[in-house]
Amino acid sequence: MKRFLSFMLVALMFATLSGCAKKQEAEDLQQITLESLGAPSGTVQSTPQDINLPAVAAPAVVPAKELMPLPPQGPYKPTDVEIQTALKNAGFYSGNIDGKIGPKSKKAIEDFQSANGLKVDGKVGAKTWEVLGRYLSVALNSDKR
């Protein structure tokens, strides 16, 4: 029994000492900065001792207010006002530009699609808007003259 207690005491002391060694190793591996090396910030003094030092890169932190939103995925989806304006500029819509796609707007879309060799479905998808969107800026360019 005495041998067992002696063995346990030795094992406990060994575990305690090895834990202290790990703590010391962690303290030795603190982050290295230019200031801790004595170099003014923004400059790097190259010496033979520096060659063996591991590179420590600080993560780039960008404030949330400076982040720009990502553009929407997929093709551009025009507003109803843009659709009606482009149809009016193209000569296919004569109603009021009210931002509501009603029967007159739908008929104008179908007529535009038919006249331009597009699939006639009354919907302004990517292919229809590719052609129709060219007429959106016609009125803007003629106003500048």
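Classify region 80-143 as rounded, prolate or oblate, taking a ≥ b ≥ c as the square roots of the eigenvalues of its Cα gyration tensor: rounded when a/c is under 1.5, otherwise prolate if a/b is larger than b/c and oblate if not.
In terms of gyration-tensor shape, oblate.
Along the charge dipole of region 80-143, Cβ charges K/R +1 and D/E -1, which of I97, Y135, N116 sits furthest on the positive end?
Value: N116.
Work out, step by step, the length gained on full extension between E110 and L12: first 0.36 nm times the residue separation, then minus their alpha carbon distance; give nm to one decimal. All intermediate terms of the calculation are to be shown ahead of the outcome.
Values: separation 98, 0.36 × 98 = 35.28 nm, distance 8.68 nm.
Here the segment from E110 to L12 would lengthen by 26.6 nm.
Of the peptides 124-135, 90-101, how do they stack up when ordered by the mean number of other Cβ atoms within 10 Å, highest first?
Values: 124-135: 16.3, 90-101: 14.5.
The most tightly packed comes first, giving 124-135, 90-101.
Quick note: the coordinates plus some simple rules give every number you see, no bench work behind them. Worth saying up front: this structure is predicted, and the values here are computed from it rather than measured. Positions of Cβ are backbone-derived with ideal geometry, glycine not excepted, and every protein chain shown enters the neighbour counts.
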